[in-house]
Amino acid sequence: MSDSIKINVLKYSPEYESLRPFLETLPERFAKGEGVVIHRGRNVLRQLEYEGHSYVVKSFHRPNLINRFVYGVLRVSKARRSYQYAETFTKIGVGTPRPVAYIEMRSHLLFTDSYYVTCLSQCSHVYSDLFERKFDYEAAVLREVGRTTAILHEHGYAHKDYGRGNILFGKMPDGTVRVEIVDLNRMYIGPIDVKRGCKNLERLPATPEMHRLLAEEYAKVRGFDAEECYELMKGYRSKNTTPSDPY
């Protein structure tokens with residue numbers, strides 16, 4: 001790491017004070033290629049181990065020169081937003097991997113890099129897996145997705161990239177089904193009525209039977225008519241479907 005590029009902000013939950021040495025060295029660890037790559041695209045996710053525990057670190061793509069100034073002076077970083085939304089979600093009862101910390105780096109006034117750190121999720125599947133194999137608890141997953149989405153909307157939050165890769169699920173040791181939402185840096189905040197709420201699920205593939213379960217649970221939590229929610233979800237999804245994505 002260049003001497004001119006330094007950690008400007010390191011924010012972590014008080015319970016993770018013991019992780020400070022690990023967090024302070026994350027930029028160097030990433031530069032050395034430590035850990036296991038979970039996802040590599042515009043952003044990179046790595047799973048790293050520290051003192052017997054697993055963490056997931058998301059390194060956000062470095063913005064262009066203009067945005068480096070904007071993020072350095074005017075805007076909140078994607079890592080910080082992710083951390084703050086995760087804290088909020090936890091408080092309102094919406095599942096998301098446990099937030100640990102965020103890191104922002106600068107070179108003088110210019111923003112350079114940012115990292116968001118969470119504990120490794122216990123949810124080992126993503127929503128798209130529902131179309132790859134059969135789960136004997138599929139109905140419970142869909143109902144939990146509907147319930148979780150409804151809670152978010154009741155509190156005035158709508159995920160702007162609510163797609164098949166950003167919803168995790170799994171069956172816990174006690175037999176309950178858990179759903180967690182990831183990729184939290186882009187949110188709509190404001191009133192969410194039945195139409196806006198149902199439209200928010202348009203990127204999730206679903207058969208009519210799956211839409212029925214999503215709609216029933218969503219409507220139950222929000223006090224809406226289940227049939228109206230079902231028709232809206234099905235209609236919005238049909239407009240968003242491509243020939244290669246029949247559901």
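Here are a few things to note about the model shown:
- Residue within segment 153-168 that is in contact (Cβ under 8 Å) with a residue 24 or more places away in the chain, farther than 25 Å from residue 12 by Cβ and hydrophobic (A, V, I, L, M, F, W, C) present: yes
- Taking every residue in segment 12-29 that is within 17 Å of residue 45 (Cβ to Cβ) and pairing it with any residue that is outside any helix (DSSP H, G or I) and open to solvent by 80 Å² or more (accessible area, probe 1.4 Å), at least 6 positions away or on another chain, the pairs with Cβ-Cβ distances below 7 Å are 27/1.
- For segment 6-112, no helices (runs of 4 or more DSSP H) sit wholly inside it while including 1 or more residues that are under 20 Å from residue 126 (Cα atoms) and modelled with pLDDT under 90.
- Residues within segment 30-49 that are charged (D, E, K, R), within 17 Å of residue 100 (Cβ to Cβ) and either in contact with a Ser or Thr (Cβ under 8 Å, 6 or more places away or on another chain) or exposed (fewer than 14 other Cβ atoms within 10 Å of the Cβ) (or both), tallied: 2
- Qualifying position, being farther than 19 Å from residue 16 by Cα and buried (at least 17 other Cβ atoms within 10 Å of the Cβ), among 100, 94: 94
The values are calculated or read from the model by the stated rules, or taken from the named source; none is laboratory data. Not measured: the values here are computed from a predicted model. When we count neighbours, we look across all protein chains shown, and the Cβ atoms used for this are built from the backbone with ideal geometry, even at glycine. Just the protein is used for accessible areas: all its heavy atoms, side chains included, with ligands, DNA and RNA removed. Shrake-Rupley method; radii C 1.70, N 1.55, O 1.52, S 1.80 Å.
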